[in-house]
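The values are calculated or read from the model by the stated rules, or taken from the named source; none is laboratory data. Small disclaimer: the values here were computed from a predicted structure and weren't measured. Please note: Cβ atoms are built from the backbone with ideal geometry, for glycine as well, and neighbour counts cover all protein chains shown.
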Amino acid sequence: MSFLAASEIAAHPALPLLLGGLVTIFVRGRYAGVFMVAAPLLGLWTISLLEAGSSSVVSCFGQEIISVNVDKQSILFGYLFHLAAFIGGLYSFHLKDPWQISMGLLYAASAVGVAFAGDLLSLFLWWEALAVTSVFQIWGRKTERSEQAGFRYLFFHVLSGLLLLAGIAFRYASGDADPFALVSLTDLLTSGDAGAQLILLAIGVKCAFPFLHVWLTDGYPESTPTGAVFLSAFTTKAAICVLARLFPGAEILITIGAVMAMFPIFYAVIENDLRRVLGYSMINQIGFMVVGIGIGTELSIDGSLAHAFNDVLFKGLLFMSMGAVLHRTGEMRGSELGGLYRTMPLTTGFCIVGAASISAFPLFSGFVSKSIIMAEAAAHGHHVVWLCLLFASAGVFHHAGIKIPFFAFFAHDSGLRPKEAPVNMLLAMGLAAFMCIFIGCNPDWLYAMLPCGAAGYHPYDATHVITQTEILVFSALAFTLLNLWKQYPPELKSINLDVDFLYRKGGRLFSSTMATFWNGLNEKAHAFFVGGIAGKFSAFTAEGPCIMAKLLSQPLQRLGFYPGKSDEETEADLEQQATTGIHPIGLTALFGILFLLGFLVLAWLVGQ
Amino acid sequence: MAKKPPKDEPKRWLDDPVNVRTFIRGFYWLCGLIILIDVVHSIGWHKHAAFHDGSLLGSSETLPSFYGIYGFLACSVLVFLAKALRAFNGQRVLMRDEDYWEK
């Protein structure tokens with residue numbers, strides 16, 4: 001079937017996206033959009049030719065780097081990232097900004113590179129590329145706010161890269177036979193290996209672990225309408241892919257994941273910016289995946305990977321529907337939106353499909369993947385975690401399932417009557433919505449692509465369908481009643497403090513302390529050196545000859561060298577000559593002789 | 001804040017409060033129906049338990065309407081806690097003005 005050798009592959013799977021990204025640096029206008037759609041399609045075709053077990057090795061400075069390693073997991077993510085790039089490309093077809101277009105494709109290529117990386121060294125290169133290429137989706141907004149948010153975003157992602165590099169250095173120094181191998185580091189982590197800890201922290205930044213998560217809720221809402229679609233698809237899912245490879249069964253992940261699933265939902269309920277609500281809901285969904293990886297059974301990891309696959313589609317769909325609203329109205333605050341279903345009915349419908357999928361309604365995609373993680377948590381006796389995840393399931397329906405569509409498209413009439421989203425956006429949303437329903441109705445299609453095939457899991461069991469519908473319907477009942485009783489927190493023009501408070505306030509304190517200290521030191525040094533020593537020296541060099549001349553002239557005056565002149569007249573003459581640099585030749589010659597004589601004496605002294 | 005909608009706009013089904021009330025009433029019936037199905041399913045068929053360790057949670061999880069009650073309580077707790085996070089006893093906790101970081 002494949003024309004590529006089984007052991008060695010001819011070209012890197014990210015090549016079509018890379019080439020697309022490079023070409024669109026130069027191509028302008030409509031044609032750039034064509035590349036955004038064509039490059040992912042070509043990439044999908046290359047992925048379909050890959051065979052599990054093949055790899056590609058390059059030699060660099062005497063070090064063998066496994067640039068590509070193909071297995072079922074990398075193929076799954078390869079398909080996923082190309083599909084996401086295709087949907088994102090279609091959605092951004094109207095874009096004219098070459099930075100966003102080319103960097104968007106390169107960003108997708110980096111995610112594919114992470115998925116196929118064969119060792120820690122190649123992983124590091126793609127990991128850094130992921131950081132640098134992604135920030136342009138935020139800067140593309142071209143506001144002061146987005147510029148600053150982009151820098152804060154970049155700060156975290158550069159930090160993640162440095163942590164990874166430090167972890168790799170520790171691994172190398174450990175003297176293991178194969179320190180760069182991309183294999184489970186869970187045992188090393190539990191034994192307290194510094195390299196494994198640093199690598200986990202590096203992945204933790206990109207996975208938005210608690211306290212390391214603010215780049216996500218800070219940066220994504222400041223991105224362009226199309227940028228958020230790209231951002232939501234790649235960074236965190238690439239990190240989940242690496243986490244599943246390196247730390248399956250690490251117990252600490254169960255706790256971290258449960259916290260991630262829990263805390264964002266509280267923020268999501270009171271947040272006004274609807275894309276920030278989606279950002280919080282994203283951390284909540286990643287929490288489920290992290291728990292699945294932490295449980296570490298074949299089935300639970302399959303569940304996490306399947307949920308990552310579905311999350312790209314339904315979260316992308318939700319970000320696309322909100323992006324369409326932002327594109328048409330220029331507004332994203334729930335307090336200023338509402339009643340848009342009148343003129344944007346299709347976008348409303350797609351948004352509801354995304355909301356149903358993320359809430360895990362039966363027949364929608366979230367149902368078939370989230371349930372695997374829940375079932376595995378219960379089967380392995382994680383009672384508290386299971387209750388947390390169930391709480392989070394009800395909560396996610398509450399804020400992402402109801403709040404997003406309700407406050408944007410229904411609720412009070414904002415009076416806004418925007419046009420329906422452009423055709424290319426509708427097509428992209430339609431495709432994502434189709435995928436959500438298709439996977440929800442045909443889970444075996446997705447399960448077949450998983451590394452262990454979901455080990456014969458069946459989501460459509462009568463008990464599961466009934467209990468899941470029940471929890472969702474009663475969550476909706478709570479929303480309805482609290483709204484009718486005026487207990488539901490209204491959308492207010494406000495922001496909420498997150499842990500960014502610590503580092504943004506800390507950063508300001510640091511910069512003002514540094515400014516006071518170093519600028520103060522600078523002023524003191526200026527006063528001492530420039531105003532003090534240099535001033536004295538300059539005064540000496542300016543007035544020194546004059547004073548010297550006066551001193552020398554006094555005995556000569558007494559001896560009658562200046563006939564017919566009073567002392568004052570001689571001094572005034574000398575002063576004028578010294579300041580203007582005009583001395584009688586005789587005097588200059590005298591100084592010259594004295595000077596040379598001085599050297600002669602000095603040379604004689606040194607010679608002694 | 002809210003702009004005036006155009007005058008010649010056609011009236012939608014949801015614009016009429018009577019229809020909204022009908023919709024909500026239908027939703028209440030749906031809630032009742034789900035509980036009924038759960039009860040019937042629990043009595044007439046074997047319900048698959050999530051836990052197999054004989055724990056208290058494991059035995060209560062299979063009771064009819066456990067998920068409904070848990071979902072309702074979870075969302076109520078969520079909303080009231082979140083409100084407290086905004087402001088508690090009139091004191092702002094996490095909520096700040098929109099231009100807080102630009103000040």
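A few points about this structure:
- If the condition is being over 29 Å from the mean Cα position of the chain (by Cα), assigned to a helix (DSSP H, G or I) and more than 7 Å from chain B (Cβ to nearest Cβ), then segment A:380-398 contributes A:384, A:386, A:387.
- Among the helices (runs of 4 or more DSSP H) confined to segment A:72-158, the ones with at least 2 residues that are farther than 29 Å from residue A:170 by Cβ and touching a residue at least 40 places away in the same chain (Cβ under 8 Å) are located at A:72-91, A:98-116, A:136-139.
- Of all residues in segment B:46-55, exactly one satisfies the criterion of being more than 8 Å from every other protein chain (Cβ to nearest Cβ) and either at pLDDT below 75 or surrounded by 18 or more Cβ atoms within 10 Å (Cβ to Cβ) (or both), namely B:54.
- Residue in segment A:489-501 that is in contact with a His (Cβ under 7 Å, 6 or more places away or on another chain) and within 14 Å of chain B (Cβ to nearest Cβ) present: no
- Residue A:435 buried (at least 22 other Cβ atoms within 10 Å of the Cβ) and either more than 7 Å from every other protein chain (Cβ to nearest Cβ) or within 28 Å of residue B:82 (Cβ to Cβ) (or both): yes
- With a requirement of 1 or more residues that are over 20 Å from the mean Cα position of the chain (by Cα) and among the polar types (S, T, N, Q), the helices (runs of 4 or more DSSP H) lying completely within segment A:214-319 that satisfy it span A:252-270.
- Residue list for segment A:12-46, restricted to those being surrounded by 24 or more Cβ atoms within 10 Å (Cβ to Cβ) and assigned to a helix (DSSP H, G or I): A:16, A:17, A:20, A:21, A:24, A:32, A:36, A:39, A:40, A:43
- Test result for residue B:43, in contact with a Pro (Cβ under 9 Å, 6 or more places away or on another chain) and either at the interface with chain A (Cβ under 9 Å from one of its Cβ atoms) or free of Cβ contacts under 8 Å to residues at least 24 places away in the same chain (or both): yes
- Of all residues in segment A:464-500, those satisfying the criterion of being more than 35 Å from the chain's Cα centre (by Cα), buried (at least 18 other Cβ atoms within 10 Å of the Cβ) and among the polar types (S, T, N, Q) are A:467, A:469.
- Within the option set A:401, A:415, being at positive phi and either within 14 Å of another protein chain (Cβ to nearest Cβ) or hydrophobic (A, V, I, L, M, F, W, C) (or both) holds for one residue only, A:415.
- Among the conditions (1) more than 8 Å from every other protein chain (Cβ to nearest Cβ); (2) touching a helix residue (DSSP H, G or I) at 6+ places or on another chain (Cβ under 7 Å); (3) part of a helix (DSSP H, G or I); (4) touching a residue at least 24 places away in the same chain (Cβ under 8 Å), residue B:34 misses just one, which is (1).
- Going through (1) closer than 30 Å to residue B:23 by Cβ; (2) out of contact with any Gly (no Cβ under 8 Å at 6 or more places or on another chain) one by one, residue A:499 falls short only on (1).
- Residue check, residue A:184 surrounded by fewer than 14 Cβ atoms within 10 Å (Cβ to Cβ), at pLDDT 90 or above and under 21 Å from residue A:249 (Cβ atoms): no
- With respect to the stated conditions, residue A:515 fails to be part of a helix (DSSP H, G or I) and in contact (Cβ under 8 Å) with a residue 60 or more places away in the chain.
- Only listed residue being under 14 Å from residue A:463 (Cα atoms) and either out of contact with any Ser or Thr (no Cβ under 6 Å at 6 or more places or on another chain) or assigned to a loop (DSSP other than H, G, I, E, B) (or both), chosen from B:14, B:63: B:63
- Residues satisfying the stated conditions in segment A:442-468, i.e. in a helix (DSSP H, G or I) and either modelled with pLDDT of 95 or more or under 19 Å from residue B:46 (Cβ atoms) (or both): A:462, A:463, A:464, A:465, A:466, A:467, A:468
- Residue list for segment A:465-488, restricted to those being more than 7 Å from chain B (Cβ to nearest Cβ), touching a residue at least 40 places away in the same chain (Cβ under 8 Å) and of a type outside the set (A, V, I, L, M, F, W, C): A:468
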